[in-house]
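Visitor: Dropping the structure in here first, questions after.
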Amino acid sequence: MNRYLCLILFCCLVPFHIAAQDNDNAQSEEPRLRLYTPASVPSPKVYGQEYYVSDPDGILRPTLIDSLNRVCHSLYRTVEVEMAVVLIGGFDEDNWWAVDFCQELFNGWGIGGAERNTGVLLFFSLGTRDIRIHTGYGMEGLLPDAVCDMIIDDNIESLSAGDYNAGIWGIACEIADQLLTKEAKEELLLGWTPKRYNSEDDLIYIYLYLSLIMLIVMTVVVLRKCDKISKASFDKRPDLITGSENLQNGLGCLSLLFPLTLPFLFMKYRKQRQSLSDLPYTCPSCGNEMKRMPADTVEQIGSETDKIENKLHIFRFDFWKCPSCGEVHTARFRDKTYDRYQDCKNCGEHALKYVEANVKKQPTYHERGEGNKIYVCAVCGHKTFVPYSIPSLYEREQQRIREQLRETARRSSYSSGSSRSSGSSGSWGGGRSGGGGAGRKF
Ligand SMILES: [Zn+2]
Ligand SMILES: [Zn+2]
C-alpha cells in the first residue's frame with residue numbers, strides 16, 4: 001500500500017529544482033562525515049517553502065531528496081503536517097542522546113504549525129547509527145510511539161545493510177501513509193481546513209463572510225427601526241411605519257445579493273412591520289397600556305373631517321383608549337386613495353382632488369390653447385383652478401407621427417429577430433481549443 005502511494009507521488013509530480021545541497025557526489029565517494037549540534041544543522045527552508053530535507057553530508061541520492069521533498073510537501077498541502085527529514089554525519093555522544101538532539105532540533109526549528117503542533121522529524125545520524133521519528137504534540141494520537149517503533153522496525157533491515165536510501169524512503173512513505181488514511185485526514189482536518197491555494201475558494205469565503213456581516217448590520221438597523229417605531233407617539237408612528245417601507249424594499253434588494261442570510265431577516269421584518277400598527281400605545285397621561293377601539297369608532301366619535309377622509313379611503317383611523325383614565329387618542333394611517341389627493345391650501349387637509357379641466361381658449365393648428373384644471377377639496381369644498389396650456393393641432397400631429405415611428409421601429413426589431421444587417425462588420429465567436437484532435441501523413 002505505502003509503496004503504491006509513493007509510486008503515485010513519485011510519478012505524478014513534475015520534477016523541480018534539486019536543492020543546492022552539497023551532495024552531488026553521494027555514494028560515489030566516502031561521505032564527508034562531520035559532527036553536528038542541533039544549532040549547526042542547516043535548515044532546508046533556506047532554499048524555499050517546498051524544501052523539507054536536510055542532508056548536508058550527502059548521505060542520500062539527490063533524486064531521492066527530490067522525491068522526499070515532494071512527499072513532504074504534498075503531506076503539508078493535504079493535511080498541513082510538516083515533516084522534516086534530517087540526515088547528518090554524527091554528533092558528539094558525550095553531550096547528547098539522540099532523543100535530546102531531536103528535541104532541541106525540533107523546537108529550535110519549530111516544526112509543524114504553532115497552533116496545532118502537527119510536525120514530524122525523521123532523524124538519521126550515520127556516525128552514531130541513530131534512526132528516530134520525533135513527533136510534535138499534535139501528532140501523538142496519529143503517530144503514537146508504538147506505531148513509530150513499528151515503522152522503524154519495518155525498515156531497520158535496509159538501514160543495517162547500509163541501504164540508507166531504501167530505509168529512509170520506506171520510513172517516510174510509511175509515515176505519509178499513516179497520515180493520509182481517511183480516519184487520519186478526518187482527525188487532522190477536524191474543525192480546521194488546510195490553507196487555501198485556490199483564489200476562487202477565497203472569494204467564496206469572503207462572500208460568506210460579507211453575508212454574515214451584512215446580516216449583523218441589517219439586523220441592528222431593523223431592530224433600531226422597530227424600536228423607534230414602537231416608542232413613537234400617535235401622530236408619528238403611522239408615518240414612521242409608512243416610511244419604513246423603504247427599508248423593507250432595500251432589504252428585499254439586498255436579499256437578492258445575499259440569498260444565504262438576508263431573506264430570513266427580510267421576511268421577519270415584513271411580518272414585524274405589519275404587526276407594528278397593532279402594537280398597543282402607552283397612555284401619555286398614566287402610562288398604562290391602551291386598548292384599540294372598534295373599527296367603526298370613527299363614525300361615533302370622529303370629527304366630520306375624519307369621517308370624510310375615512311369614507312374616501314384617504315386615511316384609516318385607529319382610536320386608542322386608556323382603560324384607566326379614559327383618555328382617547330387617534331392614529332391616522334395613509335389609506336389606498338391617499339396618492340390621488342393633494343393638500344388643500346384652504347383647510348390644510350390632504351383632500352384636494354382633480355375633478356375636471358375646462359377650456360378657455362381652443363387651440364388652433366399653430367397656436368396653443370388655454371384652460372384650467374379644477375381641483376375640489378372633499379373636506380371644505382374649496383375649488384382650486386390651475387391654469388394649463390393645450391398643445392396646438394400641429395404639435396399633436398407631430399406627437400402622433402413620432403409615436404407611429406417608434407411603434408414601427410419596435411415591430412421591425414421584433415420581426416427581424418437575431419438576423420443582422422449585411423453592412424456591419426463581424427467577428428468570430430470567440431471559441432478556444434485545448435489542443436485536442438489528431439493528424440497523420442499519407
Ligand atoms: Zn391613561
Ligand atoms: Zn380644504
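The values are calculated or read from the model by the stated rules, or taken from the named source; none is laboratory data. What you see is a predicted model; the values in this text were computed from it and never measured. Counting neighbours? That spans all protein chains shown, and the Cβs are built from the backbone with ideal geometry, glycine included. The area values use the complete protein model at the heavy-atom level, side chains included, leaving out ligands, DNA and RNA. Shrake-Rupley method; radii C 1.70, N 1.55, O 1.52, S 1.80 Å.
Visitor: Restricted to region 138-177, and to residues that are touching an Asp or Glu at 6+ places or on another chain (Cβ under 8 Å) and open to solvent by 10 Å² or more (accessible area, probe 1.4 Å), which residue is nearest to VAL71 (Cα to Cα)?
Guide: GLU174
Visitor: Of all residues being within 23 Å of ASN372 (Cβ to Cβ) and of a type in the set (Phe, Trp, Tyr) in region 309-360, which is nearest to ligand 1 (Cβ to nearest atom)? Just the residue, please.
Guide: Here the residue is TYR341.
Visitor: Another question about this same structure. Looking for whichever is closer than 19 Å to SER230 by Cα and either open to solvent by 40 Å² or more (accessible area, probe 1.4 Å) or in the same structural domain as ARG224 (by TED's automatic domain parsing) (or both) here; the options are CYS253, CYS286, CYS325. Which one fits?
Guide: CYS286
Visitor: Here's something else I'd like to know. Out of all the residues in region 309-368, which are within 16 Å of ligand 2 (Cβ to nearest atom), part of a strand (DSSP E or B) and within 49 Å of the chain's Cα centre (by Cα)?
Guide: Of everything in region 309-368, those that are within 16 Å of ligand 2 (Cβ to nearest atom), part of a strand (DSSP E or B) and within 49 Å of the chain's Cα centre (by Cα) turn out to be PHE315, GLN342.
Visitor: Something else: Examine region 223-237 for a residue that is open to solvent by 70 Å² or more (accessible area, probe 1.4 Å) and among the aliphatic types (A, V, I, L, M), and state whether such a residue exists.
Guide: Yes, that holds for at least one residue.
Visitor: Please verify whether region 263-274 includes one or more residues that are open to solvent by less than 50 Å² (accessible area, probe 1.4 Å), modelled with pLDDT under 90, outside the structural domain of LEU223 (by TED's automatic domain parsing) and away from ligand 2 (no atom under 16 Å from the Cβ).
Guide: no
Visitor: Have a look at LYS345, LYS383, LYS336, LYS373 and point out the one that is closer than 30 Å to THR242 by Cβ and in the same structural domain as PRO294 (by TED's automatic domain parsing).
Guide: LYS336
Visitor: Just name the residue that is nearest to VAL222 (Cα to Cα) out of those in region 275-308 that are within 16 Å of ligand 2 (Cβ to nearest atom) and acidic (Asp, Glu).
Guide: ASP306
Visitor: Now a separate question. Being at pLDDT below 90, more than 10 Å from ligand 1 (Cβ to nearest atom) and out of contact with any Pro (no Cβ under 9 Å at 6 or more places or on another chain), is that true of even one residue in region 282-292?
Guide: no
Visitor: Looking at region 62-82, can you tell me whether even one residue there is farther than 26 Å from GLU187 by Cβ, among the aromatic types (Phe, Trp, Tyr) and within 41 Å of the chain's Cα centre (by Cα)?
Guide: Among the residues of region 62-82, not one is farther than 26 Å from GLU187 by Cβ, among the aromatic types (Phe, Trp, Tyr) and within 41 Å of the chain's Cα centre (by Cα), which makes the answer no.
Visitor: Select the helices (runs of 4 or more DSSP H) contained entirely in region 131-232, then report the ones holding at least 3 residues which are within 42 Å of the chain's Cα centre (by Cα) and among the small types (Gly, Ala, Ser).
Guide: Of the helices (runs of 4 or more DSSP H) lying wholly inside region 131-232, those with at least 3 residues that are within 42 Å of the chain's Cα centre (by Cα) and among the small types (Gly, Ala, Ser) span 199-231.
Visitor: Looking at (1) at pLDDT 90 or above; (2) open to solvent by 10 Å² or more (accessible area, probe 1.4 Å); (3) assigned to a helix (DSSP H, G or I), find the lone condition where VAL71 falls short.
Guide: (2)
Visitor: Consider region 33-57. How many of its residues are in a loop (DSSP other than H, G, I, E, B), within 15 Å of LEU121 (Cβ to Cβ) and β-branched (Val, Ile, Thr)?
Guide: Qualifying residue count, region 33-57: 1.
Visitor: Give me the residue from region 117-130 that is touching a Gly at 6+ places or on another chain (Cβ under 8 Å) and not in a strand (DSSP E or B) and, out of that set, surrounded by the most Cβ atoms within 10 Å (Cβ to Cβ).
Guide: Going through the qualifying residues, I end up with THR118.
Visitor: Can we say THR337 is surrounded by 18 or more Cβ atoms within 10 Å (Cβ to Cβ) and of a type in the set (S, T, N, Q)?
Guide: For THR337, the condition - surrounded by 18 or more Cβ atoms within 10 Å (Cβ to Cβ) and of a type in the set (S, T, N, Q) - is not met.
Visitor: Pairs, please: C-beta under 9 Å, at least 6 apart or cross-chain, first residue touching a residue at least 60 places away in the same chain (Cβ under 8 Å) and in region 327-348, second open to solvent by less than 50 Å² (accessible area, probe 1.4 Å) and within 15 Å of ligand 2 (Cβ to nearest atom)?
Guide: Within 9 Å, the pairs are THR330/ASP306; ARG332/ASP306; ARG332/GLU309; ARG332/PHE315; PHE333/PHE315; ARG334/ILE314; ARG334/PHE315; ARG334/HIS350.
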